[in-house]
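First comes the structure, then the notes that go with it.
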Amino acid sequence: MIKIDSLTKYYKKNARGILDVSLEIKKGEIFGFIGPNGAGKSTTVRTLLNFIFPTSGSAKIMDLDIINDSVEIRKHIGYIPSEVNFYGDMTVEEFLHYSGSFFEVDYKEKMFALSSRLELDLSRKIEDLSFGNKKKVAIVQALLHSPEILILDEPTSGLDPLMQNTFFTIIEEEKKQGTTIFFSSHILSEVQRICDRVGIIKEGKLIKVESIEDIMNARAKKVRFKAKKDFIFEDDEIVALKRENSHISFVYTGTTEKLLELLSGNGVSDLTIIEPSLEEIFMHFYEKEGK
Amino acid sequence: MKTYIITEFKRNFKSLVLWTVIVAGLAGLMLLLFPAFEDAFSQLEDLLSIYPPEFLEIFGMGEGGLDMSNIYGWFGVEGYLFVTLIGGSYAAILGSSILSKEEEDKTIEFLLAQPISRTNILFGKIIVVAINLLLMNLVVSIILLFVFSIYGELNVTIWLLYSFAPFLLQAVFASISLLASIFVTKSRRVISMSMGLVIGMYVVDIISKLTESAEFLKYVTPYEYINAVTIVKDEMIKPLYLLLTVSIVTVALLATWRLYLKKDITV
């Protein structure tokens with residue numbers, strides 16, 4: 001459905017773009033695209049939508065070229081931008097009708113249904129909406145024409161947990177109808193919740209593409225505790241080791257049993273074992289790549 | 001596409017009304033003063049004779065210039081400037097902002113994600129600019145029709161030229177401003193540049209009239225292209241100037257189009 005081939009984008013002024021990104025997304029798949037801010041997620045999305053032109057490489061969506069067939073492609077795409085900027089002087093309803101007018105399908109039923117599910121007030125002006133409500137408008141405008149592909153760039157930012165839940169339910173329904181979804185995010189937990197596969201991008205390079213299952217299996221724990229200073233670790237499963245004052249922390253990728261073995265008898269106190277942050281997961285992948 | 005153009009038109013309607021009121025109002029106001037000066041014209045001629053001829057030349061009242069005791073001459077000296085200078089300013093502001101505002105407000109990201117080509121995005125905006133400018137000139141032309149019919153004998157050619165020649169000048173300013181807005185997307189900056197052009201060209205126009213050695217400059221400035229003296233005396237716009245206008249607008253729009261098709265739009 002989406003085929004990206006050695007896509008590279010350099011910006012002028014040396015701003016980081018993306019480098020040699022290759023990727024294939026199957027029909028009906030939810031593909032998570034994760035990485036920290038500035039890693040190249042939005043650059044990839046904007047290149048796919050032809051807001052910007054690739055320096056080299058190419059990509060196809062539904063077998064159509066992202067540059068030459070851009071208009072045709074966009075008939076089948078719904079896009080939620082990370083930062084919502086719509087026409088402030090329009091009411092929500094005016095704007096959604098305007099958005100629907102670009103498509104040759106009957107969008108009204110879906111538009112009203114989605115708006116009421118998301119509890120969107122159609123009569124308000126867009127400029128008066130909160131960040132979260134603007135995001136809801138973005139969700140409705142992306143879905144109202146029932147696109148075959150959804151490109152979502154940080155879609156949940158600004159939504160309260162209840163609305164996030166509604167949003168994920170909507171996305172899961174779309175998937176059931178065979179919609180292919182490209183889901184860009186820096187929040188691992190939401191990617192884990194709905195995605196089939198994930199690609200990890202850092203500093204413009206796609207460093208890993210894994211199924212969620214594999215990520216779950218390889219899922220690391222962050223371990224932090226107080227210990228004697230001469231405590232020495234020698235274990236292949238330890239990454240991102242840090243010492244801060246009297247505390248030691250690291251990410252452990254082995255089994256829990258082995259971890260407990262390692263820690264016992266070493267005067268460990270004040271122990272916490274938590275989910276690592278995305279950055280720490282990256283470290284895990286990075287160090288593995290290095291080996 | 002239809003909804004897009006209508007939406008664009010609505011979005012720019014308020015400023016169209018405002019600018020039209022200013023331009024048509026000032027032109028109308030100057031025309032209403034004509035009867036008062038018509039009677040006093042013999043004194044006015046004496047009064048004017050004390051000014052240096054160069055001064056009169058600027059206002060089209062020099063040798064072979066306009067006769068102010070006639071409504072057409074009066075408008076050429078006293079009202080036409082508002083339509084060209086202020087109407088030109090509106091054209092420059094509209095041309096500068098119609099595209100750059102989308103990038104500045106980041107709304108272009110929405111538009112580019114819809115199934116509409118960049119060519120059509122641009123085409124729709126150019127259509128709206130053209131319609132707005134024509135509407136403004138149409139309102140002025142209605143006022144002119146009334147006033148010319150009341151205070152003189154209606155000369156249809158001069159009336160039409162006075163009504164729509166400013167559109168040519170406005171089209172030049174709007175298309176150059178549009179081209180500039182491809183490079184400079186901060187609308188405040190591109191508007192100041194375009195206003196500089198509108199006023200700068202007016203200054204060039206004055207210099208070309210005052211200084212014989214700088215006469216060649218008249219080919220550069222659109223104010224000369226639609227000179228009131230030519231309109232009233234020759235009842236025409238010189239073919240060379242018409243050709244220049246069409247060429248400038250065509251080249252500016254084509255360049256805008258080529259550049260916009262290839263532009264990286266990051267918001």
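The values are calculated or read from the model by the stated rules, or taken from the named source; none is laboratory data. Because the structure is a prediction, the values reported are computed rather than measured. Cβ sites come from the backbone with ideal geometry, for glycine too, and all protein chains shown count toward neighbours. Note: accessible area is taken over every heavy atom of the protein model, side chains too, but ligands, DNA and RNA are not part of it. Shrake-Rupley method; radii C 1.70, N 1.55, O 1.52, S 1.80 Å.
Residue check: B:Gly196 meets all listed conditions (1) in contact with a helix residue (DSSP H, G or I) (Cβ under 8 Å, 6 or more places away or on another chain); (2) modelled with pLDDT of 90 or more but one, namely (1).
Please find, within region B:151-175, the residue that is nearest to B:Asn132 (Cα to Cα) out of those that are open to solvent by 60 Å² or more (accessible area, probe 1.4 Å) and touching a residue at least 24 places away in the same chain (Cβ under 8 Å). Even if it seems obvious, please write down each step before you answer.
Here is the first cut: in region B:151-175, the residues open to solvent by 60 Å² or more (accessible area, probe 1.4 Å) are B:151, B:153-154, B:156-157, B:160, B:164.
Keeping just the survivors that are touching a residue at least 24 places away in the same chain (Cβ under 8 Å) gives B:151, B:157, B:164.
Numbers: B:Tyr151: 29, B:Thr157: 23, B:Phe164: 13 Å.
Checking each candidate, the answer is B:Phe164.
If you go through region B:154-182 and keep only what is outside any helix (DSSP H, G or I) and of a type in the set (A, V, I, L, M), you end up with just B:Leu154.
Being among the β-branched types (Val, Ile, Thr), over 27 Å from B:Ile58 (Cβ atoms) and within 14 Å of chain A (Cβ to nearest Cβ) is the requirement here; does B:Thr266 meet it? Judged against the criteria, B:Thr266 is a match.
Does region A:124-168 hold any residues that are among the aromatic types (Phe, Trp, Tyr) and over 24 Å from A:Ile25 (Cα atoms), and which are they?
Going residue by residue through region A:124-168, those that are among the aromatic types (Phe, Trp, Tyr) are A:131, A:167-168.
Across region A:124-168, the qualifying residue is only A:Phe131.
Whenever a residue of region B:125-147 is without any contact (Cβ under 8 Å) to a residue 40 or more places away in the chain, its partners that are open to solvent by less than 30 Å² (accessible area, probe 1.4 Å) and in a helix (DSSP H, G or I), lying with C-beta atoms within less than 7 angstrom and at least six residues away or across chains, give the pairs B:Ser141/B:Ser163.
Among the residues of region A:11-41, what is the count of those that are assigned to a helix (DSSP H, G or I) and in contact (Cβ under 8 Å) with a residue 12 or more places away in the chain?
Going residue by residue through region A:11-41, those that are assigned to a helix (DSSP H, G or I) are A:12-14, A:41.
Now narrow it down to the ones that are in contact (Cβ under 8 Å) with a residue 12 or more places away in the chain: A:41.
Residues flagged as assigned to a helix (DSSP H, G or I) and in contact (Cβ under 8 Å) with a residue 12 or more places away in the chain within region A:11-41 amount to 1.
Just to be sure before I move on: is A:Ser189 at pLDDT below 90, exposed (fewer than 15 other Cβ atoms within 10 Å of the Cβ) and under 14 Å from the mean Cα position of the chain (by Cα) in the structure I sent?
Yes.
Note on region A:169-186: residues that are farther than 23 Å from A:Leu23 by Cβ and open to solvent by less than 60 Å² (accessible area, probe 1.4 Å) amount to 2.
Determine whether region A:172-182 contains at least one residue that is within 19 Å of A:Glu29 (Cα to Cα) and within 14 Å of chain B (Cβ to nearest Cβ).
Let us first name the residues in region A:172-182 that are within 19 Å of A:Glu29 (Cα to Cα), namely A:172-182.
Applying the additional criterion that residues be within 14 Å of chain B (Cβ to nearest Cβ) yields A:182.
So far as region A:172-182 goes, yes, one or more of its residues are within 19 Å of A:Glu29 (Cα to Cα) and within 14 Å of chain B (Cβ to nearest Cβ).
Tell me, yes or no, whether region B:183-206 has at least one residue that is in a loop (DSSP other than H, G, I, E, B), within 30 Å of A:Thr44 (Cα to Cα) and within 14 Å of another protein chain (Cβ to nearest Cβ). It would help to see each step written out before you state the result.
We begin by selecting, within region B:183-206, every residue in a loop (DSSP other than H, G, I, E, B); these are B:184-186.
Now drop any that are not within 30 Å of A:Thr44 (Cα to Cα), which leaves B:184-186.
From what's left, within 14 Å of another protein chain (Cβ to nearest Cβ): B:185.
Looking for residues that are in a loop (DSSP other than H, G, I, E, B), within 30 Å of A:Thr44 (Cα to Cα) and within 14 Å of another protein chain (Cβ to nearest Cβ), one finds at least one in region B:183-206, hence yes.
Among residues of region B:230-267 being without any contact (Cβ under 8 Å) to a residue 12 or more places away in the chain, β-branched (Val, Ile, Thr) and assigned to a helix (DSSP H, G or I), the one that is surrounded by the most Cβ atoms within 10 Å (Cβ to Cβ) is B:Thr230. If you check B:Phe148, B:Phe123, B:Phe75, B:Phe110 for being crowded, with 18+ Cβ neighbours inside 10 Å, within 14 Å of chain A (Cβ to nearest Cβ) and not small (Gly, Ala, Ser), only one passes: B:Phe110. For region B:9-33, a residue qualifies if it is polar (S, T, N, Q) and either open to solvent by 50 Å² or more (accessible area, probe 1.4 Å) or closer than 10 Å to B:Val139 by Cβ (or both), and exactly one does: B:Thr20.
Based on this model, can you work out whether A:Gly38 counts as within 25 Å of B:Glu103 (Cα to Cα), within 14 Å of chain B (Cβ to nearest Cβ), under 19 Å from the mean Cα position of the chain (by Cα) and open to solvent by 10 Å² or more (accessible area, probe 1.4 Å)? Yes.
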